[in-house]
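S.K.: The structure under discussion is supplied below as structure tokens; questions concerning it will follow.
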Amino acid sequence: MNPPSVQPLIPRLIGAIDHFSELIGRAVAWLTLLMVFLTFAVVVLRYGFDSGWIALQESVTWLHACVFMLGASYALKRDSHVRVDIFYQRFSPRGRAWVDLLGSLLLLLPVCLFIFQASWEYVLEAWEIGESSAETGGLPGLYLLKSLLLLMPVLLILQALAHSLRAGLILRGGERHG
């Protein structure tokens, strides 16, 4: 059994991870609005002025990557990720906790670790050469975008930790935190 002083640590840790994911998710959500404006500008430039700007077009792609990859942990925190809810919604809170715990430990964590490990060299090489866009007039710093391949699984692992700890509290008879 845990000492009394350690017990509040788990809910505080869950809360801190959830808060961090929430902050990132809310900040990243604003990028979707920026994507709309930039896409509108690309269309107006192309069809209204018969002109284009590669960096502007690439920035929409970069923003989309940021929203998807940085928003994944926010989606997990909000239970907005893909799941077969036909069965899950009929489970008891303990049944859901088991699905969350086992899903995090047996599926999410191994996939995140694989993505991180498989991307490491790829991202490292991009940083070593200072990789930029292959297009003339494209955005510099492509290595920064590729770094999202490492940041996404790290953020998901953090949120999976909170998810698993929360499930563990439910399974031990505690209430749902967060």
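The values are calculated or read from the model by the stated rules, or taken from the named source; none is laboratory data. Every value quoted in this text rests on a predicted model; they were computed, and no experiment measured them. Using ideal geometry, Cβ is built from the backbone for each residue, glycine included, and neighbour counts are taken over all protein chains shown.
S.K.: Is it the case, given these coordinates, that Trp30 is more than 18 Å from Leu158 (Cα to Cα), modelled with pLDDT under 90 and not polar (S, T, N, Q)?
M.R.: Criteria not met by Trp30.
S.K.: Which residue is surrounded by the fewest Cβ atoms within 10 Å (Cβ to Cβ), if the candidates are limited to segment 96-118 and must be within 30 Å of Ala55 (Cβ to Cβ) and touching a residue at least 24 places away in the same chain (Cβ under 8 Å)?
M.R.: Ile115
S.K.: Search segment 129-144 for residues that are among the charged types (D, E, K, R) and pair each with any residue that is surrounded by 13 or more Cβ atoms within 10 Å (Cβ to Cβ) when their beta-carbon atoms are under 6 Å apart and the residues are at least 6 apart or on different chains.
M.R.: Note: pairs meeting the criteria are Glu131/Leu142; Glu131/Tyr143; Glu135/Ile54.
S.K.: OK, next. Could you list, in sequence order, all residues of segment 51-95 that are touching a residue at least 12 places away in the same chain (Cβ under 8 Å), of a type in the set (Lys, Arg) and more than 25 Å from Ile115 (Cβ to Cβ)?
M.R.: Within segment 51-95, Arg94 is the sole residue that qualifies.
S.K.: Go through segment 48-65 and give me each residue that's among the aromatic types (Phe, Trp, Tyr) and assigned to a loop (DSSP other than H, G, I, E, B).
M.R.: Across segment 48-65, the qualifying residue is only Trp53.
S.K.: Determine if segment 95-118 includes at least one residue that is modelled with pLDDT of 95 or more and more than 30 Å from Gly15 (Cβ to Cβ).
M.R.: yes
S.K.: Would you confirm whether or not segment 19-26 contains a residue that is within 15 Å of Ala162 (Cα to Cα) and among the small types (Gly, Ala, Ser)?
M.R.: Among the residues of segment 19-26, at least one is within 15 Å of Ala162 (Cα to Cα) and among the small types (Gly, Ala, Ser), which makes the answer yes.
S.K.: Within segment 119-159, restricting attention to residues that are part of a helix (DSSP H, G or I) and of a type in the set (Val, Ile, Thr), which residue is surrounded by the most Cβ atoms within 10 Å (Cβ to Cβ)?
M.R.: If we take residues in segment 119-159 being part of a helix (DSSP H, G or I) and of a type in the set (Val, Ile, Thr), then Val123 is surrounded by the most Cβ atoms within 10 Å (Cβ to Cβ).
S.K.: Determine if segment 74-82 includes at least one residue that is under 21 Å from Leu144 (Cβ atoms) and modelled with pLDDT under 95.
M.R.: yes
S.K.: Of the residues that make up segment 66-84, is at least one more than 12 Å from the chain's Cα centre (by Cα), in a helix (DSSP H, G or I) and surrounded by 12 or more Cβ atoms within 10 Å (Cβ to Cβ)?
M.R.: Within segment 66-84, not a single residue is more than 12 Å from the chain's Cα centre (by Cα), in a helix (DSSP H, G or I) and surrounded by 12 or more Cβ atoms within 10 Å (Cβ to Cβ).
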